[in-house]
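Colleague: One structure, as structure tokens, below. Some questions next.
None of the figures in this text is laboratory data; all of them are computed from the coordinates on show. Since we're looking at a predicted model, the values are computed, not measured. Here the Cβ positions follow ideal geometry from the backbone for every residue, glycine too, while neighbour counts run over all protein chains shown.
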Amino acid sequence: MSNVTYYFSGTGNSYYVAKTISNNINAILKPIVSLKKGDIIEADTLCFVFPIYDFKPPKKVTDIIENLSSIKANRIIAIGTYGIALSSSLNHFNNTLRKKGVALSQGYGIKSPHNAVGSTGFTEEENNIRLAHADKKIAIISKNLKEGITGFVERTSIFEDRTIIRQFPNLMSFLFKLIFKGAKSFSFTVMQDCISCNQCINICPINNIEWVNGKHVFGSDCTGCFACLQWCPKAAIHLGKYSFEEIFIKHYHHPKVKAIDLIQGTHNQDHVKNGLY
Ligand SMILES: Cc1cc2nc3c(=O)[nH]c(=O)nc-3n(C[C@H](O)[C@H](O)[C@H](O)COP(=O)(O)O)c2cc1C
Ligand code: SF4
Ligand code: SF4
């Protein structure tokens, strides 16, 4: 049986980790959205890499796992990339695996540049330090995998490195906007700067954006990965009437990942085949 890595990624942090580790341990790299209901996964080392949303794995990721027919692997590893705190998110993931009768052999967190609300609170230098730290952690994880070390699942306090406390004013300000304006006023809005390049449509990992009658239509299946807005070359996707800065979001995607890397992992393969990218 071969080694397989499944990834989910909006802005490339998790993709970069998944790709580098797969190279190091000779694993086949696959997007987790390629799995369908009823599929069976079989692998020697099975690795899942995903971002942390609201201190949990993305719902899309746990939904996909729950809908599998079975998982057979000699060891299962999960790696969560995160911007604030790992917290007990990998234990959440382990609970999902347990429903399928399997469990994690190891779980790791990799602190990475934050890509969502509050990310304006981090400097470029801090992001670069995190990226360098991520490379070191990838090397440690790869070494552990090669040496067959198992038996621990990392978790941290929600106050890890006091990052959440530093973010508190921005997060509270966002929360007040959310409470007083309502969640609907934060729905995705495409502004006039749009150049109709289709990148948002193609990069959405779950095909949640359509072009209907000359307009972008966002579906109801959004998993909140921020790929569409973070990869838009014109920053033309706002959350309601708010620009990125007004809700403390910094433009970010991993410096060593290109849009095409993620587009190749979505369901929108026609554009790739047709040579649009
Ligand atoms: C909607 C959303 C919610 C997030 N929630 C958290 C969180 O609860 N804790 C955290 O540490 N990071 C959180 N993040 C930050 C991401 O987990 C982090 O930047 C991750 O590395 C992004 O990975 P990607 O580039 O593979 O998409 C969140 C990001 C998004 C888009
Ligand atoms: S990525 Fe941005 S510019 Fe391109 S179609 Fe989408 S909203 Fe328009
Ligand atoms: S609509 Fe945007 S945020 Fe939602 S899943 Fe698609 S790319 Fe991610």
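Colleague: Mind checking the full-extension length gain between Asn207 and Arg155? Use 0.36 nm per residue of separation minus the Cα-Cα distance, one decimal, nm.
Modeller: Details: separation 52, 0.36 × 52 = 18.72 nm, distance 3.20 nm.
That pair, Asn207 and Arg155, stretches by 15.5 nm at full extension.
Colleague: Based on other C-beta atoms within 10 Å, arrange Tyr6, Tyr53, Tyr242 from fewest to most.
Modeller: Details: Tyr6 24, Tyr53 20, Tyr242 17.
The most exposed by this proxy come first: Tyr242, Tyr53, Tyr6.
Colleague: Could you calculate the FRET efficiency of Thr123 with Arg98 from 1/(1 + (r/R0)^6), where r is the beta carbon distance between them and R0 is 35 Å, rounded to 0.05?
Modeller: On the way: r = 40 Å, r/R0 = 1.14.
Step by step, r from the Cβ atoms, then E = 0.30.
Colleague: Run the paramagnetic zone check for Lys37: 7 angstrom along Cα to Cβ, then residues of the range 63-101 with backbone nitrogen under 14 Å.
Modeller: 63-69
Colleague: Calculate the FRET efficiency for Ser196 and Leu131 from the Cβ-Cβ distance with a Förster distance of 41 Å, rounded to the nearest 0.05. Walk me through the numbers before you get to the answer.
Modeller: Values: r = 32 Å, r/R0 = 0.79.
Once the sixth-power term is evaluated, E becomes 0.80.
Colleague: Taking H placed 1.01 Å from N in the peptide plane, check which residues at least 5 places from Cys47 or on another chain put their amide H under 5 Å from its amide H.
Modeller: Val4, Thr5, Tyr6, Ile77
Colleague: To continue, here is another question. Return Ser70, Ser112 ranked ascending by Cβ neighbour count within 10 Å, so the fewest neighbours appear first. Walk me through the numbers before you get to the answer.
Modeller: On the way: Ser70 12, Ser112 26.
Going from sparsest to densest Cβ surroundings: Ser70, Ser112.
Colleague: Pop a pseudo-label 7 angstrom from the Cα along the beta-carbon direction at both Glu245 and Lys30 and give the gap in nm to one decimal.
Modeller: For the pair Glu245/Lys30, the computed spacing is 4.5 nm.
Colleague: Unpartnered cysteines of the chain (Cβ-Cβ under 4.7 Å counts as a partner)?
Modeller: Cys47, Cys194, Cys197, Cys204, Cys222, Cys225, Cys232
Colleague: What ³J(HN,Hα) values, in whole Hz, does the Karplus curve 6.51 cos²θ - 1.76 cosθ + 1.60 give for the range 109-123 when θ = phi - 60°, with x put for Gly and Pro?
Modeller: Per residue, the Karplus-derived 3J(HN,Hα) values read x, 10, 5, 9, x, 6, 10, 10, 4, x, 6, 5, x, 10, 7 Hz.
Colleague: Taking Cα atoms, how many degrees apart are the long axis of helix 124-147 and the longest axis of the chain, rounded to 10 and kept between 0 and 90?
Modeller: Value to nearest ten degrees: 20.
Colleague: Do any trypsin sites (Lys or Arg not before Pro) in the range 1-84 lie in a DSSP loop with no more than 14 other beta carbon atoms within 10 Å, and if so, which? Working shown, then result.
Modeller: Values: sites: Lys19, Lys36, Lys37, Lys59, Lys60, Lys72, Arg75; in loops: Lys36, Lys37.
Hits after loop and neighbour filter: Lys36, Lys37.
Colleague: Something else about it: Enter the Cα centre distance for the pair the range 14-49 and the range 186-222, rounded to the nearest angstrom.
Modeller: Rounded to whole Å, the Cα centres lie 27 Å apart.
Colleague: Here's another thing I want to ask about it. Work out, step by step, the length gained on full extension between Val217 and Arg166: first 0.36 nm times the residue separation, then minus their alpha carbon distance; give nm to one decimal.
Modeller: Working: separation 51, 0.36 × 51 = 18.36 nm, distance 3.57 nm.
Between Val217 and Arg166, full extension yields an extra 14.8 nm.
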